[in-house]
Every structure is written in structure tokens, then in C-alpha cells.
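Beneath this line is the structure, given in C-alpha cells, with notes to follow.
The values are calculated or read from the model by the stated rules, or taken from the named source; none is laboratory data. Given the structure is predicted, the values throughout are model-derived calculations rather than measurements. All Cβ positions, glycine included, derive from the backbone under ideal geometry; neighbour counts span all protein chains shown.
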Amino acid sequence: MRDAEATRARILAAAVSEFAEHGLAGSRVDRIAQNAKSNVRMIYAYFGGKSGLFDAALETALRKLAHDAPPNPDDLPGWAGEVFDHHQRHPDILRLSMWARLERPSALGEPVDVYADKVAGVRAATPEPLTPVDILIFIYAIAQAWQLSPTGLTGLEGDSEDPRRIAAHRRAVVAAVQGILHCA
């Protein structure tokens, strides 16, 4: 049974990478199988096909974000910085989410339990008139802005990959969330 779990995990890791790079339509199951050191037959056995694999890869990626950067109701600005850091370390997860938004928006409703837990976690820290959902959306939007902005814009003040620029942007993300919470 352990080999089956390892094979499934390798397929999912290869799928996250492939779908993040090429989207659902541009990805190839044979390339995923090759990168996972598996075969196409196993993908169909575990996931039922390319669409099922995409949904599983997206859920895996979103759960990784939820696990690696859980909301911290006691420090929402700090949590925004953690989400920013996570996207810097794992840009494939954000790219996969963007492909899902474009090609398969129905898949973005999953995993509902993760989002429900986040809403419950920030409920007590949410100032009026905002809702916990408002806070989560603001934090995600601000934390993801750097990765989603055009490189022509992010490069106006120097190399957008310069660690000092990235650190400065992270500080700006944290300050923006602090400002939103204090203005509400």
C-alpha cells in the first residue's frame, strides 16, 4: 500500500507543476506520468483522467497553502506576510489557482472545509463593518499582488527579483493589512 501512496503523491506533485506551467488544456498526461516516474494507466486508475487529476492537484496545492500558512487571528498582518512568503516559495500554487480560475472555475470551490476553518479562525479578529470573508479576500489579494503584477510595473524601481525589493514589498503587504484593520 505504501508504494501506491508514494506513486499517487509523485503523480500529484508532477501534476501541480505541469498544470501550473501549462494549464488544464495545455498539459499532457503523458508528460505528467513521465515526470512522476509512473505511467498514464496509473493516472487514470487513481484520478479517472486529466480533469480529475487537475481537481486533485488543485486541492492538494490549496491544502498545502492552508497547512503551511494558516490564519493567525492574533496577527493578521503577520499572516499576510506569511501568505506572501508562501507565494514567493511556491509560485506554482498561485499559477495553478489562476489557471483554475480561467479554465475550471467550478474547481475553486474546493476545499470548502479549509476556507470555512479560515473564516471561523478570523471571525473574532474582524473589525466592524468588515466580515471575516472580507478580511480573507483582502489579505489574499494584497499578499498575491506582487506575484500577479506585470513585470514591467514591478521592475520600475529595480530588479523585481532582488531580495531587498521582495523584502520591502513584504513589509508593504504587512503595513497595508495593518492599515485596513485600523481603518475599519
Scan the stretch 31-38 and give yes if some residue there is of a type in the set (Lys, Arg), more than 30 Å from Leu130 (Cβ to Cβ) and touching a His at 6+ places or on another chain (Cβ under 9 Å), otherwise no.
yes
Go through (1) farther than 14 Å from Glu82 by Cα; (2) assigned to a helix (DSSP H, G or I); (3) at pLDDT below 90 and name the single condition Arg164 misses.
(3)
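Okay, residues lined up against (1) surrounded by fewer than 15 Cβ atoms within 10 Å (Cβ to Cβ); (2) not small (Gly, Ala, Ser):
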position	(1), (2)
Gly48	yes, no
Gly52	yes, no
Pro71	no, yes
Asp74	yes, yes
Asp85	no, yes
Pro91	yes, yes
Pro127	yes, yes
Residue by residue through the stretch 57-82, note down the ones that are under 28 Å from Ala36 (Cβ atoms), aliphatic (A, V, I, L, M) and in contact (Cβ under 8 Å) with a residue 40 or more places away in the chain.
Ala57, Leu58, Ala61, Leu62, Ala66
Surrounded by fewer than 16 Cβ atoms within 10 Å (Cβ to Cβ) and in contact with a helix residue (DSSP H, G or I) (Cβ under 8 Å, 6 or more places away or on another chain): is that true of Asp159 in this structure?
yes
Collect the residues in the stretch 129-160 that are small (Gly, Ala, Ser) and more than 16 Å from Trp79 (Cα to Cα), keeping them in residue-number order.
Ser149, Gly152, Gly155, Gly158, Ser160
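Results for (1) farther than 23 Å from Pro70 by Cβ; (2) part of a helix (DSSP H, G or I), shown as yes or no for each residue.
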site: Pro127; (1), (2): no, no
site: Leu136; (1), (2): no, yes
site: Ala143; (1), (2): no, yes
site: Gln147; (1), (2): no, yes
site: Leu153; (1), (2): yes, yes
site: Gly158; (1), (2): yes, no
site: Arg171; (1), (2): no, yes
site: Ala175; (1), (2): no, yes
site: Leu181; (1), (2): no, yes
Could you grab the pairs with beta carbons closer than 9 Å, sequence gap of 6+ or different chains, first residue in the stretch 161-183 and over 15 Å from Gly78 (Cβ atoms), second one part of a helix (DSSP H, G or I) and of a type outside the set (A, V, I, L, M, F, W, C)?
Arg165/Thr154; Ile166/Gln88; His169/Thr154
